[in-house]
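The values are calculated or read from the model by the stated rules, or taken from the named source; none is laboratory data. The model shown is predicted, which means the values in this text are computed figures rather than measured ones. Positions of Cβ are generated from backbone atoms using ideal geometry, with glycine treated the same way; all protein chains shown enter the neighbour counts.
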Amino acid sequence: MGLECASASSIGYIASCHFAGWVLTLPIVPFLADKYGRKWITIIGLCIQIVATLGLLLSYDLTATYVFMFMMGFAMSFRLTVGFVWMQELVPTDYKVATCTLFSMM
């Protein structure tokens, strides 16, 4: 990928793209989950995350890495906000503490 030749600010921008994707979608995702259902929003987020992961694995360009990291942050807001709530609705009460702990660790 050639990141060792890039400047430190260019490499730091990769993490900033991830964070920007996450922050920009956080106001929208819960609204969409309430309107269309948590299951489909979670599935869409997981599909976006698969595409972003494959893109990161295959990218050799720093600009493509920025785009795919933004997509990864975009998808993380789907999984971490909506997926967590959906999981809590599906899990029986006796197992909520254990599943919440395991989900938070991942």
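Read through the list (1) under 14 Å from the mean Cα position of the chain (by Cα); (2) exposed (fewer than 13 other Cβ atoms within 10 Å of the Cβ); (3) farther than 25 Å from W86 by Cβ, then give the number of the only condition that V67 fails.
Among (1) under 14 Å from the mean Cα position of the chain (by Cα); (2) exposed (fewer than 13 other Cβ atoms within 10 Å of the Cβ); (3) farther than 25 Å from W86 by Cβ, V67 violates only (2).
Out of all the residues in segment 58-106, which are of a type in the set (K, R) and closer than 19 Å to D34 by Cβ? Outline the logic, then answer.
The first filter runs over segment 58-106 and keeps only residues of a type in the set (K, R), leaving 79, 96.
Within segment 58-106, just R79 meets the criteria.
Given the criteria closer than 16 Å to M76 by Cα and either of a type outside the set (D, E) or not in a helix (DSSP H, G or I) (or both), does A33 qualify? Reasoning before the result, please.
Working: closer than 16 Å to M76 by Cα: yes; either of a type outside the set (D, E) or not in a helix (DSSP H, G or I) (or both): yes.
Taking the combined requirement at face value, the residue satisfies it.
Against the definition (free of Cβ contacts under 8 Å to residues at least 24 places away in the same chain and crowded, with 20+ Cβ neighbours inside 10 Å), how does A52 come out, yes or no? Steps first, answer last, please.
Numbers: free of Cβ contacts under 8 Å to residues at least 24 places away in the same chain: yes; crowded, with 20+ Cβ neighbours inside 10 Å: yes.
The answer is yes for A52.
Go through segment 64-94 and give me each residue that's modelled with pLDDT of 90 or more and hydroxyl-bearing (S, T, Y).
Across segment 64-94, the qualifying residues are T65, Y66.
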